Amino acid sequence: MAKQIPDITNDELEDILCSIFDTYGYDFSAYARASMHRRVVKYMEDINCSTARDLKYQIINSTEVFNYFLQRITVNVTEMFRDPDFYKAMKEQVLPMLASYPIIKIWHAGCSTGEEVFSMCILLHEANLLERTRIYATDINPLNLEKAKHAIIPLDVMKEYTINYFKMGGTNDFANYYTAKYDNAIISLDLRKNILFSQHNLVTDEVFNEFQLICCRNVMIYFNHQLQNRVIKLFHESLSSFGYLALGVKESLLFSEMRPKFEVINRNQKIFRRSI
Amino acid sequence: MRVQPKMIVIGGSAGSVPVILEIMKAIPDKFPHTVVIVIHRQRNVSSEMATVLSIANERKPIVEPDDKEPIKTGCIYLAPQNYHLLIEDDHTFSLDYSEAIKYSRPSIDVSFESVARVFGENACAILLSGANSDGTEGLHSIIENKGTAIVQDPTSAAYPAMPMAAIAANKSSLVFKPIEIAKFVADLQQ
Ligand SMILES: C[S@@+](CC[C@H](N)C(=O)[O-])C[C@H]1O[C@@H](n2cnc3c(N)ncnc32)[C@H](O)[C@@H]1O
């Protein structure tokens, strides 16, 4: 292969992340190294940068370069009703328990562009719970939150989400949940009116409210073991007693020292409940 | 003498399951290595792949690892569908939910590259039948890091495109028929 593939050593990566923290205040030092390394190398290829020195220089001297870096480092991929079985479990095992609260508070941590939050709103709506639910949806990346507020999704992608919706056992006419405009769908404002989007960094920010349910899916996979422990502690403190914690289907609490403080509600779908 | 691999990573796409089954059968009971299987599958459908593969060798259960699960010697792992599978320096698995690469998630390239970085000369990558070109770049990393690169002989593959692309770009790969791959794995025991 003729293509010159840039590379970067662990020490160089460490050094760049350190400078980013000093310059922009974002702390990526405890992110899991394997995928961080991969994305940084891809990013270097993208901006035609072949050495770690050059990368550091460019990032530190241009907010624009850094913003693009942030965009690439925080993996923003998301879907509506990803893992249909997870939503089925939510509907059957969690929502009926939440129904006993006069006001339900939910936190979506690492909500990306909102697709997961819109899915939850549809579930809540169908369970007649949406009116008394307050949803706090947070992310580290301001651009994601900006997009989430607009709730615009391309129609061809929406087709896939419609399939996911039926797979999780949805029975309504999915098209009622959005208005189509040219090639896009806009998620109905009625569904979204109780969502508050705001910036929150799981690495550095603190508890800000008390919740009956926290969803943090496919976010902590980017963190190393120590940071995962810190964030699970943060969630534990943010949950009301018997509050629920929902992680991605491949995120276990088994490897966390916080494991004894939760009981398992659904092993396969990684739904837990605060026990002490 | 050639270095004995400690980490064997198998990448397969269309037409690879029968070959994987043959390799699985060849794995001896006492096996001081780890096997990771990365195979292209459909998204958002619950898949029975782990069950299908387990049938080949009932003494060796197949595990779809969770994020940050420690890698155990003697175990066979299957990359979960819809995530890329990577390996950390401390020998734990990491999952990554980023864009599909060459329409694939899990991507064989991503896992091969990650195995190459962490296991270097103790890595052995085996690339099987498939209809795309995933695995070519990953195999390159394996070779660069002094690991062993094995590609299924395209004439024996149900879909030869993937092994052909890999061999064309990586001249030093060993080209084996399924039976030879199985023998290679069986002989790793000592
Ligand atoms: C792969 S997306 C997951 C989106 C959604 N939860 C899902 O599962 O479909 C990961 C998200 O985590 C966010 N993220 C990464 N680091 C974060 C941090 N330190 N604090 C808050 N959010 C973070 C990223 O910006 C990105 O939007």
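The values are calculated or read from the model by the stated rules, or taken from the named source; none is laboratory data. These numbers were taken from a predicted model, which means no experiment stands behind them. FYI the Cβ positions are ideal-geometry reconstructions off the backbone, even for glycines, and counts take in every protein chain you see. Only protein heavy atoms, including side chains, enter the accessible area calculation; ligands, DNA and RNA are left aside. Shrake-Rupley method; radii C 1.70, N 1.55, O 1.52, S 1.80 Å.
A compact table of results
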{"quantity": "Within region A:192-230, considering residues that are under 27 Å from A:L130 (Cα atoms) and β-branched (V, I, T), the one nearest to the ligand (Cβ to nearest atom)", "calculated": "A:V219"}
{"quantity": "The listed residue being at pLDDT below 95, more than 14 Å from every other protein chain (Cβ to nearest Cβ) and over 18 Å from A:N141 (Cβ atoms), out of A:I8, A:I47", "calculated": "A:I47"}
{"quantity": "Residue count for region A:134-166, restricted to those that are assigned to a helix (DSSP H, G or I), within 16 Å of the ligand (Cβ to nearest atom) and either surrounded by fewer than 18 Cβ atoms within 10 Å (Cβ to Cβ) or not aromatic (F, W, Y) (or both)", "calculated": "13"}
{"quantity": "Matching residues in region A:87-124 - criterion: being more than 25 Å from A:E210 (Cβ to Cβ) and either within 9 Å of the ligand (Cβ to nearest atom) or among the hydroxyl-bearing types (S, T, Y) (or both)", "calculated": "A:T113, A:E115"}
{"quantity": "When residues of region A:231-276 are limited to those that are aromatic (F, W, Y) and surrounded by fewer than 19 Cβ atoms within 10 Å (Cβ to Cβ), the one farthest from the ligand (Cβ to nearest atom)", "calculated": "A:F242"}
{"quantity": "Residues of region A:61-86 that turn out to be aliphatic (A, V, I, L, M), part of a helix (DSSP H, G or I) and either within 15 Å of the ligand (Cβ to nearest atom) or surrounded by 20 or more Cβ atoms within 10 Å (Cβ to Cβ) (or both), as a count", "calculated": "2"}
{"quantity": "Residue that is over 17 Å from A:S112 (Cβ atoms) and among the aliphatic types (A, V, I, L, M), where the choices are A:I140, A:I163", "calculated": "A:I163"}
{"quantity": "Where B:D29 falls short, out of the listed (1) in contact with a helix residue (DSSP H, G or I) (Cβ under 8 Å, 6 or more places away or on another chain); (2) more than 12 Å from every other protein chain (Cβ to nearest Cβ)", "calculated": "(1)"}
{"quantity": "Pick from region B:52-111, criterion more than 10 Å from chain A (Cβ to nearest Cβ) and among the basic types (K, R), ranking: nearest to B:S141 (Cα to Cα)", "calculated": "B:K102"}
{"quantity": "Restricting region A:169-191 to residues that are touching a helix residue (DSSP H, G or I) at 6+ places or on another chain (Cβ under 9 Å) and assigned to a helix (DSSP H, G or I), the residue that is nearest to A:R134 (Cα to Cα)", "calculated": "A:L191"}
{"quantity": "Verdict on B:S47 being small (G, A, S), open to solvent by 20 Å² or more (accessible area, probe 1.4 Å), in contact with a strand residue (DSSP E or B) (Cβ under 9 Å, 6 or more places away or on another chain) and modelled with pLDDT under 95", "calculated": "no"}
{"quantity": "Which listed residue is modelled with pLDDT of 95 or more and either among the polar types (S, T, N, Q) or farther than 30 Å from A:D27 by Cβ (or both), from A:I122, A:I195, A:I140, A:I135", "calculated": "A:I122"}
{"quantity": "Selection from region A:254-267 of residues that are modelled with pLDDT under 95 and polar (S, T, N, Q)", "calculated": "A:S256"}
{"quantity": "Conditions (1) crowded, with 16+ Cβ neighbours inside 10 Å; (2) without any contact (Cβ under 8 Å) to a residue 24 or more places away in the chain; number of the one not met by B:K171", "calculated": "(1)"}
{"quantity": "Index of the failed condition, A:E131 passing every other in (1) open to solvent by less than 10 Å² (accessible area, probe 1.4 Å); (2) assigned to a helix (DSSP H, G or I)", "calculated": "(1)"}
{"quantity": "Flag for B:D96 being surrounded by fewer than 21 Cβ atoms within 10 Å (Cβ to Cβ) and not β-branched (V, I, T)", "calculated": "no"}
{"quantity": "Among the residues listed as A:A175, A:A185, the single one being open to solvent by 40 Å² or more (accessible area, probe 1.4 Å), away from every other protein chain (no Cβ under 14 Å) and away from the ligand (no atom under 15 Å from the Cβ)", "calculated": "A:A175"}
{"quantity": "Considering residues of region B:82-105 that are among the hydroxyl-bearing types (S, T, Y) and assigned to a loop (DSSP other than H, G, I, E, B) only, the residue nearest to B:G130 (Cα to Cα)", "calculated": "B:Y103"}
{"quantity": "Out of A:L234, A:L253, A:L245, sole residue that is in the same structural domain as A:A127 (by TED's automatic domain parsing) and assigned to a strand (DSSP E or B)", "calculated": "A:L245"}
{"quantity": "Residue within region A:87-99 that is open to solvent by 10 Å² or more (accessible area, probe 1.4 Å) and polar (S, T, N, Q) present", "calculated": "yes"}
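For (1) open to solvent by 10 Å² or more (accessible area, probe 1.4 Å); (2) within 16 Å of B:K6 (Cα to Cα), each residue gets a yes or a no:
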{"site": "B:I76", "(1), (2)": "no, yes"}
{"site": "B:H84", "(1), (2)": "no, no"}
{"site": "B:D90", "(1), (2)": "yes, yes"}
{"site": "B:P106", "(1), (2)": "no, no"}
{"site": "B:S111", "(1), (2)": "no, yes"}
